[in-house]
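As structure tokens, the structure follows; a few thoughts come after it.
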Amino acid sequence: MKHSFWLSIALGAGWLLSPESLVIAGNSAGNMGWLAIPALAAVALLFALTGNLIKQSLATENSSDFLLLSSLTGTIPAICLTIVSCLPFVTLAATALLVSSGYTFNEVFLYWFPNFGFSFLLLGLLSILQAFPEKIILRAQIIFVLLAAGGLFLLTVVGIAGAEQPGNALLQKPEKVSAASSALLLLLFTGSRLSGGSKQSFLIPAIAFVLFSFWMFASLSYVNPERLGSSTIPYMTAARKIMGDPGRQIMGLIIISGTSAAITGLLIMCRSMLGAITLSPNTKSLFSVKKQRYLLPPLVALATGILMARGLAGDDLLEILLHGALILWLIHHSLLALSAVILIQKRTGHMPIAGALSTAILIGGVLFLITTSPQRTETIRFITSMLGAGGLLAAIWYLLHKKLTPEPTTQQTEKSL
Amino acid sequence: MKKLILLLSFLLLSAGLPAIASDVPTMSKEELKAQLNSSTLAILDVRSGRDWSSSEFKITGAVRVLGSEIAKWSKDYKKDQTIVLYCA
């Protein structure tokens, strides 16, 4: 699925503008102080370099992330990794974000409207949106992103302009700087890479860096770093301090539109990733892209609805599962970058040094995130069980395909890359 | 296919309704405010996970307990006390 320049940015920016990203940014600013800004720059650069590397390796029109990954891992592991990197991510992220939006709507806008009711209403509306023509979905996505980014920009400008001693907090000695705090910033960029040209690979991380670094600066100018670092809703605390009640309302709008942007963007990303499997010469014909267009969003919505109705939002398990799902996406992205390094080396005879180095750092960062997870055992158990289930599903998918179509055409696969 | 999507959307919205409806006696914020200084009042914040972490509001003086550990903390309160459970 190829999109225009601005549209690719709107899709990639979805997760970046979600309440989850705002929590990561706020906590990082609180824990690391001014050091959060260079750390954010380093992580943005890492994603820009690896994203660009993957784009460079996809030389032909028919090439895709899936084919690139298949060249490193083989078809079944590539199907498995593609499935487990997007389906748990979109389902669990939707569950978590909708709950946050429900509370925001209830506490900021309509006290009498049940928070859970709003979560379901928004889920229903976003599911219905997916039934509309592609053009309308993409236009809606641009509106969601513009509302969220515009709101954050407004609060940042008002915050910096109105601060009595802007940046005073930046001069304080950061107390909780650790590699683990920096590694958490990796989660900010999860799901931000989508189809598009090489320019987008740099532009999304660059825009994210500018927007978040100024937001961190504004937040630190108003909120005590300790409070910012430990708050579960640092975005709302900062918004209230900056503009009072209107600030809360603007932040409420950012949260709801950011949630809508993240869910819509992730659903499109998921369709695009699974669509690449069906378009591959080795695996096509089982689920057409058209079928996925109508099947995937309602199934994800149903799974999300069931998880919410069963009370996962009130269970700490949700945080562990979401953390694991984000890591699974990062594993997929890291392996894609590794495949790209190997492919470019094969094609040109030269190792892409910057790309290889950023890939190595990214892989190290992902391993570090896994080992330093607060609930390491549960996170590893979730990741391995997802990989196991995904592997089984991939094997069934592949075997069914083999029954339905002639022998795999490996030459076609190589040609596509 | 569009009918299927609409049906699923309806099911989703219906699934959320039981969460909204409730038979448990409730108390308005005005009623609670009027009793805040009462020595027999105990406010227990039983929200957990994201239900707690996503909320901006925490009631002053509320004690945070886990709903699943009711057998453990229920012994700390007398039967004649007004116990307010804050769950969402």
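Helical runs assigned H by DSSP (4 residues or longer) give chain A a calculated mean residue ellipticity at 222 nm of -26500 deg cm²/dmol, each run adding -39500 (n - 2.57) before division by the residue total. Taking every C-alpha pair closer than 8 Å and separated by at least 6 residues, the mean separation divided by the residue count of the range A:5-402 gives a relative contact order of 36 percent. When A:Arg376, A:Arg271 are compared by accessible surface with a 1.4 Å probe, the order from highest to lowest is A:Arg376, A:Arg271.
Taken residue by residue and averaged, Cβ atoms of other chains lying within 10 Å of the Cβ of A:96-108 number 4.
Ignoring the sites themselves, chain A has its longest run without GluC sites (Glu not before Pro) in a DSSP loop having at most 12 other Cβ atoms within 10 Å at A:176-417. Using a Gaussian network model on chain A with a 10 Å cutoff between Cα atoms, which of A:Thr232, A:Thr264, A:Thr348 fluctuates the most? Highest fluctuation among the options: A:Thr348.
Residues considered: A:Lys346, A:Lys241, A:Lys55. Largest GNM mean-square fluctuation over chain A, using C-alpha springs under 10 Å, is found at A:Lys346. Remark: the range A:5-402 projects, on average over all directions, an area of 18.4 nm² (convex hull of Cα atoms). Interface burial in the range B:34-52, defined as at least 40 Å² less accessible area with all protein chains than with the chain alone at a 1.4 Å probe, covers B:Gly49, B:Arg50, B:Asp51. Considering only A:Ile136, A:Ile54, A:Ile363, the mean-square fluctuation computed in a Gaussian network model of chain A, springs between alpha carbons under 10 angstrom, is largest for A:Ile136.
When only alpha carbons of the range A:1-130 are considered, Rg and Dmax amount to 18.8, 55 Å. Phi angles of the range A:259-276 translate, via the Karplus equation with coefficients 6.51, -1.76, 1.60 and θ = phi - 60°, into HN-Hα couplings of 5, 4, 5, 5, 5, 5, x, 5, 5, 5, 4, 5, 4, 5, 5, 6, x, 5 Hz per residue; Gly and Pro are given as x. Average accessible surface for the range A:5-402: 38 Å² per residue, computed with a 1.4 Å probe over protein heavy atoms with every protein chain in place.
The values are calculated or read from the model by the stated rules, or taken from the named source; none is laboratory data. Since the model is a prediction, treat every value here as computed from it, not as a measurement. Note that we place each Cβ from the backbone using ideal geometry, even for glycine, and neighbour counts take in every protein chain shown. Keep in mind that these areas ignore ligands, DNA and RNA; they rest on the heavy atoms of the full protein, side chains included. Shrake-Rupley method; radii C 1.70, N 1.55, O 1.52, S 1.80 Å.
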